[in-house]
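The values are calculated or read from the model by the stated rules, or taken from the named source; none is laboratory data. Owing to the predicted nature of the structure, the values given are computational and were not obtained by experimental measurement. Cβ: placed from backbone, ideal geometry, glycine included. Neighbour counts: every protein chain shown.
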Amino acid sequence: MRYLMLVCTDPTYRPDGDDGAPDVDDWVAEMDGKGIRLMGERVRPASDATTVRVRNREVLLTDGPYAETKDHIAGFDILECADLDEAIEVAAKHPMAWGGVIELRPFWPADED
Amino acid sequence: MTPERDLIAEIYADGWSRIVAIMIRLTRDWSLAEECTQDAFARALHTWPTSGVPDQPLAWLTTTARRRAIDRMRRAATEAAKLKEVAAAVEPQPPPYVRDSQIPDERLELMFTCCHPSLNLDAQVALTLRSLAGMSTAEIARAFLVPERTMGQRLFRAKQKVAHAGIPFRVPPAHLLPERLPAVLHVLYLLFNAGYGDPQKTRLCAEAIRLARVLTAAMPDEPEALGVLALMLLHDARQTTRVDAAGALVLLADQDRTQWNAAQIAEGAALCERALRRRRAGPMQLQAAIAACHATAPTAADTDWAQIAGLYAHLASLHPGPVVELNRAVAVSMADGPEAALPLIEAVAASGRLDDYHLLHATRADLLRRTGRAAEAADSYRAALRLAPTEAERSFLRGRLADLPPQS
């Protein structure tokens, strides 16, 4: 199964000192090596975002993110996992799960409604 | 009721979840699995009274359910490959039907899937009752006081999430078990508590105990699973004496111990001992040990309060929380007197976390009364009275308030 792993910051959380979070390069090397991580990128912060809407055939642009949320997307990865349990284990090893928030979204297969 | 109908009802109670589990494994479709299991039981109700109950009723039901699944998939024009897979699968063979079977079985996978922590707790509870207890959506809705439509949507969403998110249908591997088993135990105990003390909902208690028996039969080495079964048996054994004929609350000390279910208490206490011998004490085992201390005391005066206080201290070290501290204070007051317990209660009160909990105020009032501080006790009784949720409790508190010596 494929999952979109959204990597988000959590401005409300301040870890107390060194919480032993894993290193992101180790994570990438491990997951690439296992064939779990198909791709992934960091993205620029919400202040660099542009929101696009087409309403009545008119393109409307907004400077900034579309949703006013506390979590901001910092990056994403695409995972190929056996099931949700494996995806959860993979996400829990990512340093941003320790200081930020990770959301796992299963892909919607093209042949399903 | 004909004897066949009685037997079908009995087979339903035990067989529903086993056939649902087999059909889920086969079709990977929860709704389809439930529908065809339902169809198979409907067919049994129709034909068994005249044709007689087959020698292997579960095998008969499983075969019928599988044929229904193939029919339904054909009608829904399910993709050919999947249909072929189900049709070609080796006939799943459920074990023969044995009353109170102790054979580890496929229900365990269903239990862990229903209680997967990626589902919210309401969804876990609803799925467990539907798939494992075989309760209808309407029955579950009534038990949790929500409209049937709401419960239907909750179940629908939960099944969708299981299918779409890739929640595996299995007993978690050993390295995940320590974090997954507590979720299952929590749901079972929550079911039990949802039924406890309400004569209309005793089915929930019975189902929780039945499922805990399935779990412990399949995982006899998990002390916390033994612990939750022991805990529920010990509470259930004393269920009928909690309120009197008029519906008023009866304190533990005043309950008629001859009315308790002695066999169930003996079983619960033995299970609890068996669990604790494994030297991996956990919150369920400790709560069961506390319940066993109460349940096995011949009279209220014989209760070993010092041991109970020690068990609460152990529980507080594993599972710190204000309610545990409150209970510990009660045990200390019984073991060492109210003076020893008051500082513990004041610490809980100072934390502010139980300000809205009537039992904090009621317990504090009781300790103040016993130390002769009547005026302060009266204030606390009044606070408890404002917060108490049931008339039985309010009436008890009013009685205590009225019995206080006059204050100058």
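Any idea how many residues of the stretch B:114-155 are touching a residue at least 60 places away in the same chain (Cβ under 8 Å) and farther than 14 Å from B:Trp16 by Cβ?
Looking only at that region, the number is 7.
For the structure I just gave you, tell me whether A:Glu80 is acidic (Asp, Glu) and in contact with a Leu (Cβ under 8 Å, 6 or more places away or on another chain). First the steps, then the outcome.
On the way: acidic (Asp, Glu): yes; in contact with a Leu (Cβ under 8 Å, 6 or more places away or on another chain): yes.
Considered against the rule, which asks whether it is acidic (Asp, Glu) and in contact with a Leu (Cβ under 8 Å, 6 or more places away or on another chain), A:Glu80 comes out as yes.
Might you check whether a residue that is at pLDDT 95 or above, among the acidic types (Asp, Glu) and out of contact with any Phe, Trp or Tyr (no Cβ under 8 Å at 6 or more places or on another chain) occurs anywhere in the stretch B:254-274?
yes
Given the structure, is B:Thr299 in contact with a Lys or Arg (Cβ under 8 Å, 6 or more places away or on another chain), modelled with pLDDT under 95 and either closer than 28 Å to B:Ala392 by Cβ or hydrophobic (A, V, I, L, M, F, W, C) (or both)? Outline the logic, then answer.
Values: in contact with a Lys or Arg (Cβ under 8 Å, 6 or more places away or on another chain): yes; modelled with pLDDT under 95: yes; either closer than 28 Å to B:Ala392 by Cβ or hydrophobic (A, V, I, L, M, F, W, C) (or both): yes.
Judged against the criteria, B:Thr299 is a match.
Consider A:Ala110 carefully, then state whether it is closer than 23 Å to B:His164 by Cα, loosely packed, with under 11 Cβ neighbours inside 10 Å and small (Gly, Ala, Ser).
Working: closer than 23 Å to B:His164 by Cα: yes; loosely packed, with under 11 Cβ neighbours inside 10 Å: yes; small (Gly, Ala, Ser): yes.
Against the criterion (closer than 23 Å to B:His164 by Cα, loosely packed, with under 11 Cβ neighbours inside 10 Å and small (Gly, Ala, Ser)), A:Ala110 qualifies.
If A:Asp85 satisfies every condition in (1) under 12 Å from the mean Cα position of the chain (by Cα); (2) within 14 Å of chain B (Cβ to nearest Cβ) but one, which is the exception?
With respect to (1) under 12 Å from the mean Cα position of the chain (by Cα); (2) within 14 Å of chain B (Cβ to nearest Cβ), A:Asp85 is out only on (1).
What number of residues within the stretch B:157-170 are facing chain A (nearest Cβ under 9 Å) and without any contact (Cβ under 8 Å) to a residue 60 or more places away in the chain?
Adding up the residues that qualify gives 5.
When the residues of the stretch A:98-109 are filtered to those that are modelled with pLDDT of 95 or more and either under 17 Å from A:Ile73 (Cα atoms) or in a strand (DSSP E or B) (or both), which remaining residue is nearest to the other protein chains (Cβ to nearest Cβ)?
Here the residue is A:Pro106.
Select, from B:Arg180, B:Arg154, the only residue that is in a helix (DSSP H, G or I), modelled with pLDDT of 95 or more and more than 30 Å from B:Arg394 (Cβ to Cβ).
Working: B:Arg180 fails: modelled with pLDDT of 95 or more.
The unique qualifying residue is B:Arg154.
With A:Leu79, A:Leu61 as the choices, which residue is in a strand (DSSP E or B) and within 14 Å of chain B (Cβ to nearest Cβ)?
On the way: A:Leu61 fails: within 14 Å of chain B (Cβ to nearest Cβ).
Answer to the selection: A:Leu79.
Quick one: B:Leu233 ticks every box in (1) within 14 Å of chain A (Cβ to nearest Cβ); (2) on the phi < 0 side of the Ramachandran plot; (3) touching an Asp or Glu at 6+ places or on another chain (Cβ under 8 Å) except a single one, so which number is it?
The failed condition is (1).
Which ranges mark the helices (runs of 4 or more DSSP H) fully within the stretch B:221-335 that have 1 or more residues being touching a His at 6+ places or on another chain (Cβ under 7 Å), buried (at least 18 other Cβ atoms within 10 Å of the Cβ) and polar (S, T, N, Q)? It would help to see each step written out before you state the result.
Values: elements: B:223-236, B:262-276, B:283-296, B:305-318.
Per the criteria, no element qualifies.
Given the structure, is B:Pro178 of a type outside the set (Phe, Trp, Tyr) and more than 22 Å from the chain's Cα centre (by Cα)? First the steps, then the outcome.
On the way: of a type outside the set (Phe, Trp, Tyr): yes; more than 22 Å from the chain's Cα centre (by Cα): no.
Taking the combined requirement at face value, the residue does not satisfy it.
Please name all residue pairs, on different chains or six or more residues apart, with Cβ atoms under 7 Å, provided the first residue is in the stretch B:1-17 and is loosely packed, with under 12 Cβ neighbours inside 10 Å and the second residue is assigned to a helix (DSSP H, G or I) and modelled with pLDDT of 85 or more.
From residues that are loosely packed, with under 12 Cβ neighbours inside 10 Å, the pairs are B:Thr2/B:Pro49.
If you take the residues in the stretch B:140-151 that are part of a helix (DSSP H, G or I) and of a type in the set (A, V, I, L, M), which one is modelled with the highest pLDDT?
Looking only at the stretch B:140-151, we keep the residues that are part of a helix (DSSP H, G or I), and these are B:140-143, B:148-151.
From the residues that got through so far, the ones that are of a type in the set (A, V, I, L, M) too are B:140-141, B:143, B:151.
Numbers: B:Ile140: 91, B:Ala141: 92, B:Ala143: 84, B:Met151: 96.
It comes out as B:Met151.
Hey, B:Thr37 hits all of (1) within 21 Å of B:Lys159 (Cα to Cα); (2) at pLDDT below 90 but one; which does it fall short on?
B:Thr37 satisfies every listed condition except (2).
Checking the condition out of contact with any Lys or Arg (no Cβ under 7 Å at 6 or more places or on another chain) and within 14 Å of chain A (Cβ to nearest Cβ), which residue from B:Arg180, B:Arg154, B:Arg149 passes?
Result of the check over B:Arg180, B:Arg154, B:Arg149: B:Arg180.
Please specify each residue of the stretch B:336-362 satisfying the condition of being among the small types (Gly, Ala, Ser) and either crowded, with 19+ Cβ neighbours inside 10 Å or assigned to a helix (DSSP H, G or I) (or both).
First pass over the stretch B:336-362, keeping only residues among the small types (Gly, Ala, Ser): B:337, B:340-341, B:347, B:349-352, B:362.
Residues satisfying the conditions are B:Ala340, B:Ala341, B:Ala347, B:Ala349, B:Ala350, B:Ser351, B:Ala362.
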